[in-house]
1. Would you call Pro65 modelled with pLDDT under 95 and under 23 Å from Arg86 (Cα atoms)?
2. Please work out which residue is surrounded by the most Cβ atoms within 10 Å (Cβ to Cβ), limiting yourself to the range 1-22 and to residues that are in a loop (DSSP other than H, G, I, E, B) and within 19 Å of the chain's Cα centre (by Cα).
3. Please go through the range 34-62 and give me each residue that is without any contact (Cβ under 8 Å) to a residue 24 or more places away in the chain, surrounded by 12 or more Cβ atoms within 10 Å (Cβ to Cβ) and of a type in the set (A, V, I, L, M), ordered by number.
4. Looking at Pro14, is it out of contact with any Lys or Arg (no Cβ under 7 Å at 6 or more places or on another chain) and without any contact (Cβ under 8 Å) to a residue 24 or more places away in the chain?
5. Assuming Ile71 fulfils every condition listed in (1) surrounded by 16 or more Cβ atoms within 10 Å (Cβ to Cβ); (2) more than 16 Å from Cys112 (Cβ to Cβ); (3) not assigned by TED's automatic domain parsing to the domain that holds Ala99 apart from one, which condition is it?
6. So is Ile71 aliphatic (A, V, I, L, M), closer than 14 Å to Gly104 by Cβ and at pLDDT below 95 or not?
7. Could you list, in sequence order, all residues of the range 5-48 that are over 25 Å from Ala83 (Cβ atoms), acidic (Asp, Glu) and out of contact with any strand residue (DSSP E or B) (no Cβ under 9 Å at 6 or more places or on another chain)?
8. Would you kindly identify the helices (runs of 4 or more DSSP H) lying entirely within the range 41-113 that contain at least 1 residues that are in contact with a Leu (Cβ under 7 Å, 6 or more places away or on another chain), closer than 23 Å to Ser26 by Cα and not basic (Lys, Arg)?
Amino acid sequence: MSPYFIDFKDQQYPTDVQGFLKQRLSWSQELGQKMALMDGVILTPEHWEIIHYFREYYEDYNIPPPMRMVIRVFKKAFGDQNANSRYLLQLFPEGVTKAASKFGGLPKPKNCK
């Protein structure tokens with residue numbers, strides 16, 4: 001077993017050193033909330049919209065969505081005010097791609113440190 005894991009509901013979920021799940025299919029929304037709380041983030045409906053978008057995109061393409069695409073999609077859905085990099089960084093100060101992937105149970109993106 002991995003030396004890194006999350007204890008949740010009487011189970012241990014293996015992670016890497018940064019807390020990304022090693023088994024993507026073991027993710028649940030409740031586990032995502034726990035992961036975020038461990039990082040000091042309380043997930044709001046706005047966070048979940050982005051996280052679910054990342055999960056859907058990953059299911060289709062096996063990679064996280066490019067930031068430009070995320071902004072374009074959310075701009076159409078929510079308007080300019082809530083679909084820009086500043087707003088997204090307010091939600092995910094650690095980085096949108098990294099945090100949305102992590103809390104969504106996805107593998108660590110290749111370009112994230």
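The values are calculated or read from the model by the stated rules, or taken from the named source; none is laboratory data. Small disclaimer: the values here were computed from a predicted structure and weren't measured. Cβ coordinates were reconstructed from backbone atoms using ideal geometry, including for glycine residues, and neighbour counts include every protein chain displayed.
1. yes
2. Phe20
3. Leu37, the sole residue that qualifies.
4. no
5. (3)
6. Criteria not met by Ile71.
7. Correct list: Asp10, Asp16.
8. Per the criteria, 45-61, 96-103.
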